[in-house]
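Encoded as structure tokens, the structure appears first; notes follow it.
The values are calculated or read from the model by the stated rules, or taken from the named source; none is laboratory data. Keep in mind that this is a model prediction, so the values were computed, not measured. Every residue, glycine as well, gets a Cβ built from its backbone with ideal geometry; the counts of neighbours run over all protein chains shown.
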Amino acid sequence: MNGSLVVDRARGFVGTPFVHQGREASGIDCAGLVINCAKYLGLTDFDTRAYKRLPDGRRLLEVCRQNMTEIQLADARPGDVVVFRGRHMKPCHLAILGDLPDGSLSMIHAYYEKGEVVETSFSGHWPERVVGVFRLPGID
């Protein structure tokens, strides 16, 4: 299986309202987007709701390391999962990398500040905030 299937599933959520701990098309958060895509594609079935709206940062990376393979940012490609630190410097946000027509990377994420799932360029301040990159099991 390749990452384009993950990207296609994630793109299906663009426009979905942001709902803390949401897991469905009626409302989803950044963790829910990754969890839903992985489960739907039969890659892994992990779910946790043991987090607050502003997570402590440790648990997010721990769950990612337990359920996915950590890779280097330089090796990232569409379908991989990126963990970001927030303004408070703790890991607290997830996105699925996508691809843009010009060949650059995008990111698909349930973005609290926009109130919905969006796809934006993986540029600007985002690469500077990366604290981990992960590949879902079963992705070639």
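If you take the residues of region 10-43 that are without any contact (Cβ under 8 Å) to a residue 40 or more places away in the chain and among the basic types (Lys, Arg), which of them is surrounded by the most Cβ atoms within 10 Å (Cβ to Cβ)?
The residue in question is ARG23.
I want to confirm something. Restricting to region 56-78 and keeping residues that are more than 14 Å from ALA31 (Cα to Cα) and among the aliphatic types (A, V, I, L, M), which single residue is farthest from the chain's Cα centre (by Cα)?
Of everything passing the filter in region 56-78, ALA74 is farthest from the chain's Cα centre (by Cα).
Determine whether ARG23 is of a type in the set (Lys, Arg), touching a helix residue (DSSP H, G or I) at 6+ places or on another chain (Cβ under 7 Å) and at pLDDT 90 or above.
Against the criterion (of a type in the set (Lys, Arg), touching a helix residue (DSSP H, G or I) at 6+ places or on another chain (Cβ under 7 Å) and at pLDDT 90 or above), ARG23 qualifies.
Within the group SER106, SER123, which residue is in contact with a Ser or Thr (Cβ under 9 Å, 6 or more places away or on another chain), in contact (Cβ under 8 Å) with a residue 12 or more places away in the chain and either of a type in the set (A, V, I, L, M, F, W, C) or in a strand (DSSP E or B) (or both)?
Of SER106, SER123, the one residue that is in contact with a Ser or Thr (Cβ under 9 Å, 6 or more places away or on another chain), in contact (Cβ under 8 Å) with a residue 12 or more places away in the chain and either of a type in the set (A, V, I, L, M, F, W, C) or in a strand (DSSP E or B) (or both) is SER106.
Do we find a residue being within 10 Å of the chain's Cα centre (by Cα) and hydrophobic (A, V, I, L, M, F, W, C) anywhere in region 114-123?
Checking region 114-123: not a single residue is within 10 Å of the chain's Cα centre (by Cα) and hydrophobic (A, V, I, L, M, F, W, C).
Give the residues of region 78-106 that are touching an Asp or Glu at 6+ places or on another chain (Cβ under 8 Å) and more than 16 Å from ALA38 (Cα to Cα), sorted by residue number.
LYS90, LEU105, SER106
For LEU97, state whether it is in contact with a Pro (Cβ under 7 Å, 6 or more places away or on another chain) and at pLDDT 95 or above.
Spelling it out, LEU97 is indeed in contact with a Pro (Cβ under 7 Å, 6 or more places away or on another chain) and at pLDDT 95 or above.
Please verify whether ARG77 is modelled with pLDDT of 95 or more and either in a loop (DSSP other than H, G, I, E, B) or small (Gly, Ala, Ser) (or both), treating the condition exactly as stated.
yes
Would you say ARG53 is at pLDDT below 90 and touching a Pro at 6+ places or on another chain (Cβ under 8 Å)?
Here the answer is no, as ARG53 does not meet what is asked.
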